[in-house]
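Structure first, commentary second.
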Amino acid sequence: MENKACTNCGFVGRPKKYTRGSLVREIILWLLAVVPGIFYSVWRISTRYEGCPECGAPLMIPENSPIARKILGGD
Ligand SMILES: [Zn+2]
């Protein structure tokens, strides 16, 4: 897996997978009411993203891209 650069803080490395919402709330919803539980699960899966492990910003781009090189100042 190639490294990615964060356009927010300049971190370079492997992005971290983030899932919005909480698993506890998802389980409670499923126990109390199935239909909202389904919607909540679908929402969590659809909003899952890879972000910067340092600042959490979902703005990571491939390390070798021209924009990343410009940000990092290397070439
Ligand atoms: Zn960052």
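Observations on the model:
- Search result, residues across the stretch 53-72 that are in a helix (DSSP H, G or I) and more than 13 Å from the ligand (Cβ to nearest atom): Pro66, Ile67, Arg69, Lys70
- Residue ID - farthest from the ligand (Cβ to nearest atom), chosen from residues in the stretch 1-26 that are open to solvent by 90 Å² or more (accessible area, probe 1.4 Å) and among the aliphatic types (A, V, I, L, M): Val24
The values are calculated or read from the model by the stated rules, or taken from the named source; none is laboratory data. Fair warning: this is a prediction, and the values are worked out from it, not measured in the lab. A quick note on method: Cβ atoms are made from the backbone with ideal geometry, for glycine too, and the neighbour counts reach across all protein chains shown. Just so you know, the surface numbers come from the protein's heavy atoms only, side chains and all, with ligands and any DNA or RNA stripped out. Shrake-Rupley method; radii C 1.70, N 1.55, O 1.52, S 1.80 Å.
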